[in-house]
1. May I ask for the distance between the Cα centers of the range 421-448 and the range 255-271, given as a whole number of Å?
2. Any chance you could run the full-extension gain for Leu215 through Lys277? It's 0.36 nm times the residue separation minus the Cα-Cα distance, nm to one decimal.
3. Each label point is 7 Å from the Cα along the Cα-to-Cβ direction; what then is the distance between the points at Glu321 and Ser229, in nm?
4. Show me 384-390, 441-447 ranked by packing, highest mean number of other Cβ atoms within 10 Å first.
5. When ranked by the protection proxy of mean other Cβ atoms within 10 Å per residue, highest first, what sequence do the peptides 253-266, 169-182 form?
6. Considering just Cα atoms, how many Å³ per residue does the convex hull of the range 6-446 enclose?
7. If packing is taken as the mean number of other Cβ atoms within 10 Å per residue, what is the order of 342-352, 311-321, 392-402, highest first?
8. Check which residues have an amide H placed less than 5 Å from Ala333's amide H, if you skip close sequence neighbours.
Amino acid sequence: MATKHPKFALLSIALATASVHHAFAAPSVYPTGVTRYDPAKAYNSYVLFSGGDRKTHLIDLNGNEVHQWPHTGFPPLFIDPQWAGGKQGHVLLQLSGATGGGGNSKEAQSLGEVDWDGKVVWQWGGAKSQDAYGAAGNSNDASGYGTAIKQHHDWHRLPNGNTVILINNEKPVKGFKADKLLDDGIYEIDPNGEVVWKWQAYDHLNEFGFSKASLKLLRQTLGRFTDKSKPFDYLHLNNLSVVGPNKWFDAGDPRFDPDNVLIDSREANFTAIIEKKTGKVVWRIGPDYQPITAANKLPRPVDQISGQHDAHIIPKGLPGEGNLLVFDNQGEAGYPAVRLGVGGQLGSRVLEIDPVKKAIVWHYTGANSGRPNYTFYSSYISSARRLPNGNTLVDEGMNGRFFQVTAKGEIVWEYISPYFSQPRADDPLQVSSNTVYRAQPVPYGWAPAGTPHSEKPVNAQNTAPLRVSANP
């Protein structure tokens, strides 16, 4: 396709990509890189993401890689220079190698702040510090927190210089059929590596809105989609965000205190705000919703969300500020598993929700771009971020596809990641994929002066006449 770098102009032969819960045979030949780009309608910026190659990439909207870090992101987050001592180009990510990993990895993962040149300027966790930081768990042995503390999925730098991270740990709990739970928690860590605030999910099990029937089923479940001999990952928190300044708190609603934190449970279908001062759940949607019956009516009460990712409050200054933006995967989840489907078809959604009225005020589905709903689908991972011009950057993570969509559903930029994983020796399926957990828009001014970017239009191609010729 018409991009600056030649590798983005080639068609890539790739293995069919399978989702965790639903197998889809993808086309064996498809383009990678930028497939369309209208600079006049898009919000022009960089995009930060980690590819299947376990490296973190910064690209412009013509698909040119302008910088790379040799580390796994899962996800990489750019740090506002005002929270990095005024220095530009710092990212927060997982470090590759023996202490790297993604999601709920078996490895003792290491989180680091890395500068533009790749120097690690701050680090927490990892195998070497497991004993030291495990002591934070030792102090709570009476509560069953245990010592196997592992970081996973998400983290954020705070204005005070501290860092909040998602952690998990194995713990035996009475009344569950599973021998152990894989419980989720949150740590706030100061620059010296000391844990200054902590929160544990199991302590608030009765605040998540489970019905008696759901709690009974949860307690009888050994696990979902995983080896039943492993700890039961009963909530699988995949997202942590800070509420941040917002109009609701300014109007006197203490639930939206900027210091509070927001989480979502992929396995239990709820999103919740935790009050930082008390640790209590002060706001939530889910885990139970009404069925999806009015897919196009807006506004409407929040309907069935399932397996969601990247829930966060839209920051001040952006269109929709104060509303909740979430990627509704429509992946199998819930106790019991809920019925899936958008407009009678399997497909994902991006939802913008008024958190006070608990009403959907904007949404995006495949149909909003004039395609069947099933053409936009990622049963796991994925993200959505509001942009200053009102567009939304969407990561259809299962397929390694990013795009910018206008409020009316027009796709004004599209990119397919060319970075594929290498099959692992211990993987009997020998799967290679270009999945991307999360894509983050990055303003030009964040990078050091002189960092290039291109804004050349790329016209969408008519694919009907395209053919692959047989070898002579």
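1. Their Cα centres are 25 Å away from one another.
2. Values: separation 62, 0.36 × 62 = 22.32 nm, distance 2.69 nm.
Extra length from Leu215 to Lys277 when fully extended: 19.6 nm.
3. 5.4
4. Details: 384-390: 18.6, 441-447: 16.6.
So the peptides 384-390, 441-447, ranked by packing, come out 384-390, 441-447.
5. Details: 253-266: 19.8, 169-182: 16.1.
Taking the mean over residues of other Cβ atoms within 10 Å, the ranking is 253-266, 169-182.
6. Values: hull volume 62.7 nm³, N = 441.
Output value, Cα hull per residue: 142 Å³.
7. On the way: 342-352: 21.2, 311-321: 17.8, 392-402: 25.0.
The packing order, highest mean first, is 392-402, 342-352, 311-321.
8. Val338
Rule-based calculations on the coordinates, nothing more; no lab input. Since the model is a prediction, treat every value here as computed from it, not as a measurement. All Cβ positions, glycine included, derive from the backbone under ideal geometry; neighbour counts span all protein chains shown.
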